[in-house]
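The structure appears below as structure tokens.
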Amino acid sequence: MMKEGAESSSVVWESRMSLRSLFDSRRRFEKFDNRKDYSVCLGLALLYGSWNKSCASPAFEEKSRALLSRLLAESTDGLIIHRYAAMVEIDSTDEDLEFCIGDGDSFVKRLALPPKDMPAFAILCHTKGVDNTNLRYISSVQASTILSAICKSKVDTRAANLHPLRKAIESVEDEYDLSVVPHKSCESLRIFIAGDRSSVGKSSVCLGILGNLLHTGYPASSLAYIKPATQSEATQLIERYCLKNDIRCVPVGPL
């Protein structure tokens, strides 16, 4: 695994986001340096309600930023991913309420109901080129624990009562296999998919391999699809996928 120091400065802070914008994966990736072509973005969000008056102060936000950014940086140290931390007021607009509970006629509920006690932590995982965002509420860390940890005069990410949050972040890393990352000094590897005739699904296998490599953290800039000259001249699904995800797709002559 490539080690890349994950200081809290490597975590982008999103101040007072709306709930719906939190799920805009394309916007998430646009926030980051495009020279770092990572395919996975992991977020740690503090969700709160309008009734949590203490969360509205600038001082509380500054302490939240320090705690969440450092927690996420330490828990994901060494992973080649984008990181962000955010504060989100879940009922800031009617649209956000409908996003959570779906009580409007024109908007279908998109989320599981948030924990009944606020504030609460949530972990989000975005994959480049995939619209769906994975969200997980961390119900094992109580609201009183969160308020206590944030309001301390000194940030303590190793506090025992925050251990469930660190474990939850690690479980997301395991689920998405985020520890599997390329090393810059690795030699190029070519994978050949062969078949005894045309139209047997070779390009579909290639599509699956590329999708899985992106999903596990390989940047699109390190991947390429080599289209054999014998392949159908019609544009195939794999070529459209490569174009959408900035993967090089180059034709070659007879092998």
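The values are calculated or read from the model by the stated rules, or taken from the named source; none is laboratory data. Just so it is clear, the structure is predicted and the values come from calculations on it, not from any experiment. Don't worry about glycine lacking a Cβ; one is built from the backbone with ideal geometry, like all the others, and counts go over all protein chains shown.
Results for (1) under 27 Å from Gly217 (Cβ atoms); (2) in the same structural domain as Ile247 (by TED's automatic domain parsing); (3) part of a helix (DSSP H, G or I), shown as yes or no for each residue.
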site: Arg26; (1), (2), (3): yes, no, yes
site: Phe32; (1), (2), (3): yes, no, no
site: Tyr38; (1), (2), (3): yes, no, no
site: Leu47; (1), (2), (3): yes, no, no
site: Lys63; (1), (2), (3): no, no, yes
site: Leu68; (1), (2), (3): yes, no, yes
site: Ala73; (1), (2), (3): yes, no, yes
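Go through segment 122-136 and count every residue that is surrounded by fewer than 16 Cβ atoms within 10 Å (Cβ to Cβ) and in a strand (DSSP E or B).
Qualifying residue count for the region: 1.
Just to verify a result, which residue in segment 189-215, among those that are hydrophobic (A, V, I, L, M, F, W, C) and touching a Phe, Trp or Tyr at 6+ places or on another chain (Cβ under 9 Å), is surrounded by the most Cβ atoms within 10 Å (Cβ to Cβ)? Spell out the reasoning first.
Quick first cut of segment 189-215, residues hydrophobic (A, V, I, L, M, F, W, C) only: 189, 191-194, 200, 205-207, 209-210, 213-214.
Still in the running and touching a Phe, Trp or Tyr at 6+ places or on another chain (Cβ under 9 Å): 206-207, 210.
Working: Cys206: 20, Leu207: 19, Leu210: 22.
That would be Leu210.
Looking at this structure, is Ala59 hydrophobic (A, V, I, L, M, F, W, C) and free of Cβ contacts under 8 Å to residues at least 12 places away in the same chain? Break it down stepwise before answering.
Values: hydrophobic (A, V, I, L, M, F, W, C): yes; free of Cβ contacts under 8 Å to residues at least 12 places away in the same chain: yes.
Spelling it out, Ala59 is indeed hydrophobic (A, V, I, L, M, F, W, C) and free of Cβ contacts under 8 Å to residues at least 12 places away in the same chain.
Of the conditions (1) of a type in the set (Gly, Ala, Ser); (2) crowded, with 20+ Cβ neighbours inside 10 Å; (3) modelled with pLDDT of 90 or more, Ser8 satisfies every one except a single condition; which number is it?
The number of the failed condition is (3).
Out of Ser148, Ser222, Ser140, Ser199, report the one residue that is at negative phi and either modelled with pLDDT under 85 or of a type in the set (A, V, I, L, M, F, W, C) (or both).
On the way: Ser148 fails: either modelled with pLDDT under 85 or of a type in the set (A, V, I, L, M, F, W, C) (or both); Ser140 fails: either modelled with pLDDT under 85 or of a type in the set (A, V, I, L, M, F, W, C) (or both); Ser199 fails: at negative phi.
So the residue among Ser148, Ser222, Ser140, Ser199 that is at negative phi and either modelled with pLDDT under 85 or of a type in the set (A, V, I, L, M, F, W, C) (or both) is Ser222.
If I go through segment 78-99 residue by residue, how many of them are modelled with pLDDT of 85 or more and assigned to a helix (DSSP H, G or I)?
0
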